[in-house]
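Data first, discussion second: the structure below is written as structure tokens.
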Amino acid sequence: MDFHYPRSWADALALKAEHPEAVPIAGGTDVMVELNFNRRRPAALLDISAVPELAQWDRADGHLRVGAGVSYTRLVRELGPQLPGLAMAARTVGSPQIRNRGTVGGNLGSASPAGDAHPPLLAGRASVELASVRGTRLVPLDEFFTGPKRSVLAADELISAFVVRPAPGPEQFCKVGTRNAMVIAVASFAVSLDPERGRVGTGIGSAAPTPRRAGGAEEFLEAELAAAGMWQRPRPLPGPVLDRFAELVTASASPIDDVRGTAAYRRHALAVMARRALSWAWADLMRN
Amino acid sequence: MQIRLNVNGVPYETDDVWEGESLLYVLRERLGLWGSKNACEQGECGSCSVLLDGELVCSCLVAAGQAHGRQVVTVEGLGDDGRMSAVQEAFVAAGAVQCGFCTPGLVVATEDLLRHNPAPSDLEIREALAGNLCRCTGYEKVLDAVRAAAGMGR
Ligand SMILES: Cc1cc2nc3c(=O)[nH]c(=O)nc-3n(C[C@H](O)[C@H](O)[C@H](O)COP(=O)(O)OP(=O)(O)OC[C@H]3O[C@@H](n4cnc5c(N)ncnc54)[C@H](O)[C@@H]3O)c2cc1C
Ligand code: FES
Ligand code: FES
């Protein structure tokens, strides 16, 4: 096995172009498990954990550009107020040890339907920045995932960053698992409210072949809120609106039975989480 | 591959490291530092916890090459001149040890917690140690030990 350890972004891209079979390793919290258990024997590892550019984030043109190598711990500490939904999700990832090493770039790279960063990033309408020696492209997150653990990432590409607007309003994230810490989501849900533009964003995790938005629920709620003038003068959300929203979220999912839960349970959990997350986000909005 | 790293203040150099092996393997099998335990090799139990450049990590999930040129502190490196650290003393005094397999990881995680948060609440202690499993399930004494080490007693 070869081990490449670029110390700059340009070197990382050049090495990936030269060795497309090399498996990138950032925090290693997914890759090392596969190596330790002989589930994967790549020809080479490309250690990108010492590439300084990947560990940076900045704000320009009203957007945050967050390097793929920023850990969950740093996300919570440095970006919590600007990305509250993502920070909530980050706090639920693994344990302190896992959050110190694990990165959003690695979460995206693994492209698991259960990845906790995905629902809040979908709800915030984030894009993923992919780079190679050929150039850089920005892919909307809902076009990034192509199947369970599959994405549009090409063999010579690396994920350089995700790009997202700082939360325009209240955000919430909910996750169901067998305990509070160290748990892969059985199902998860994120919501983001944008009072200024009258937009609603959603993200569903662990309840379809890929993380996905609940487009029908977003459109329904946007229309309801606009018609009732609720963005301008927020009042408590009527029960039937909450019910319909939850129903439409569930309708967007296509869960399966697996060791962590049944499809029926996932649908039920999603409806509960959708209702709760929206109620909490709306309560935040009414407070401000 | 060849790897140079500093463990507990001592510079080490080791040859013939397989590119896919973990820092935990290097510590135990190559450097003979058996304090960090190997229990799950999948990040679930925390018994391999070490500080990597001052950051709490599972050494089973760090590729050996990723530790090249870095500073590692293991449970062996916590005390001074053969004397136990305050956290280690507290674990002994509280009887927070049954079979002891999880203890090194818990001690390192507790050191890390108290460095960042010298007076943690019970909830903060539980959160900080959520990645450390004790199969003997002696968690109450562990909490006692952490409270004692933080100078809070009971
Ligand atoms: C004990 C434990 C608990 C966990 N709990 C959770 C949890 O609660 N929620 C959750 O979502 N996940 C969890 N995970 C999974 C894992 O921690 C996350 O997926 C994490 O985000 C992976 O990041 P990493 O930097 O460690 O990735 P790595 O393991 O380094 O890489 C993961 C994948 O992404 C690729 N990759 C990494 N960076 C890039 C890049 N910049 N460009 C292209 N490809 C890249 C790698 O080649 C690999 O295929 C857990 C893992 C463990 C071991
Ligand atoms: S051996 Fe590393 S976490 Fe269990
Ligand atoms: S004392 Fe036995 S595993 Fe914790």
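The values are calculated or read from the model by the stated rules, or taken from the named source; none is laboratory data. Not measured: the values here are computed from a predicted model. Virtual Cβ from ideal backbone geometry, glycine too; neighbours counted across all protein chains shown. Accessible surface is based on the protein model in full, side chains and every heavy atom, while ligands, DNA and RNA are left aside. Shrake-Rupley method; radii C 1.70, N 1.55, O 1.52, S 1.80 Å.
Does any residue of region B:57-77 turn out to be within 23 Å of residue B:140 (Cα to Cα), more than 14 Å from every other protein chain (Cβ to nearest Cβ) and either surrounded by 24 or more Cβ atoms within 10 Å (Cβ to Cβ) or within 16 Å of ligand 3 (Cβ to nearest atom) (or both)?
Checking region B:57-77: at least one residue is within 23 Å of residue B:140 (Cα to Cα), more than 14 Å from every other protein chain (Cβ to nearest Cβ) and either surrounded by 24 or more Cβ atoms within 10 Å (Cβ to Cβ) or within 16 Å of ligand 3 (Cβ to nearest atom) (or both).
Restricting attention to region A:123-155, and to residues there that are acidic (Asp, Glu) and farther than 17 Å from residue A:54 by Cβ, which single residue is least open to solvent (accessible area, probe 1.4 Å)?
The first filter runs over region A:123-155 and keeps only residues acidic (Asp, Glu), leaving A:129, A:142-143.
Subset that is farther than 17 Å from residue A:54 by Cβ: A:142-143.
Details: A:142: 75, A:143: 113 Å².
So, considering only residues that are acidic (Asp, Glu) and farther than 17 Å from residue A:54 by Cβ, the one least open to solvent (accessible area, probe 1.4 Å) is A:142.
Take region B:56-87 and flag every residue that is away from ligand 2 (no atom under 15 Å from the Cβ) and free of Cβ contacts under 8 Å to residues at least 40 places away in the same chain.
We begin by selecting, within region B:56-87, every residue away from ligand 2 (no atom under 15 Å from the Cβ); these are B:65, B:68-71, B:73, B:76-87.
If the condition is that a residue be away from ligand 2 (no atom under 15 Å from the Cβ) and free of Cβ contacts under 8 Å to residues at least 40 places away in the same chain, then B:78, B:79, B:80, B:81, B:82, B:83, B:84, B:85 are the ones that fit.
Out of all the residues in region B:37-51, which are open to solvent by 10 Å² or more (accessible area, probe 1.4 Å) and either within 12 Å of ligand 1 (Cβ to nearest atom) or among the acidic types (Asp, Glu) (or both)? Please lay out each step first, then the result.
Step one: filter region B:37-51 for residues open to solvent by 10 Å² or more (accessible area, probe 1.4 Å), giving B:37-42, B:44-45.
Within region B:37-51, B:40, B:41, B:42, B:44, B:45 qualify.
Please go through region A:91-122 and give me each residue that is of a type in the set (S, T, N, Q) and either more than 14 Å from chain B (Cβ to nearest Cβ) or open to solvent by 20 Å² or more (accessible area, probe 1.4 Å) (or both), ordered by number.
Of all residues in region A:91-122, those of a type in the set (S, T, N, Q) come to A:92, A:95, A:97, A:100, A:103, A:107, A:110, A:112.
Selection gives A:92, A:100, A:107, A:110, A:112.
Against the definition (surrounded by 24 or more Cβ atoms within 10 Å (Cβ to Cβ) and in a loop (DSSP other than H, G, I, E, B)), how does residue A:181 come out, yes or no?
Working: surrounded by 24 or more Cβ atoms within 10 Å (Cβ to Cβ): no; in a loop (DSSP other than H, G, I, E, B): yes.
No.
Considering only region B:80-145, give the helices (runs of 4 or more DSSP H) lying wholly within it that have at least 3 residues that are buried (at least 23 other Cβ atoms within 10 Å of the Cβ) and either within 14 Å of another protein chain (Cβ to nearest Cβ) or within 13 Å of ligand 3 (Cβ to nearest atom) (or both). Walk me through how you get there before you give the answer.
Working: elements: B:86-94, B:103-116, B:122-128.
It comes to B:103-116.
With the requirement that a residue be open to solvent by 70 Å² or more (accessible area, probe 1.4 Å) and either assigned to a strand (DSSP E or B) or modelled with pLDDT of 95 or more (or both), what does region A:42-62 give you? It would help to see each step written out before you state the result.
Start the filter on region A:42-62 by keeping residues that are open to solvent by 70 Å² or more (accessible area, probe 1.4 Å), which leaves A:53, A:56-59, A:61.
The answer is A:53, A:56, A:57, A:58, A:59.
Which of the residues spanning region A:25-68 are facing chain B (nearest Cβ under 9 Å), farther than 13 Å from residue A:106 by Cα and among the polar types (S, T, N, Q)?
Correct list: A:36 only.
For region B:87-105, state whether one or more residues are within 16 Å of ligand 1 (Cβ to nearest atom), modelled with pLDDT of 95 or more and assigned by TED's automatic domain parsing to the domain that holds residue B:127.
For region B:87-105, residues within 16 Å of ligand 1 (Cβ to nearest atom), modelled with pLDDT of 95 or more and assigned by TED's automatic domain parsing to the domain that holds residue B:127: present.
Name the single residue that is farthest from ligand 1 (Cβ to nearest atom) among those in region B:115-154 being among the basic types (Lys, Arg) and over 18 Å from residue B:92 (Cβ atoms).
First, pick out the residues of region B:115-154 that are among the basic types (Lys, Arg): B:115, B:126, B:135, B:141, B:147, B:154.
Filter again for over 18 Å from residue B:92 (Cβ atoms), leaving B:115, B:126, B:135.
Numbers: B:115: 22, B:126: 17, B:135: 16 Å.
Looking at residues that are among the basic types (Lys, Arg) and over 18 Å from residue B:92 (Cβ atoms), I get B:115.
Quick one: would you say residue A:88 is under 23 Å from residue B:47 (Cβ atoms) and not in a loop (DSSP other than H, G, I, E, B)?
Details: under 23 Å from residue B:47 (Cβ atoms): no; not in a loop (DSSP other than H, G, I, E, B): yes.
Answer is no for this residue.
For residues that are in a loop (DSSP other than H, G, I, E, B) and in contact with a Ser or Thr (Cβ under 7 Å, 6 or more places away or on another chain), tally how many sit in region B:3-30. Explain how you work it out, then say what you get.
Within region B:3-30, the first condition is being in a loop (DSSP other than H, G, I, E, B), and the residues that meet it are B:8-9, B:15-21.
Keeping just the survivors that are in contact with a Ser or Thr (Cβ under 7 Å, 6 or more places away or on another chain) gives B:8.
Residues meeting the conditions: 1.
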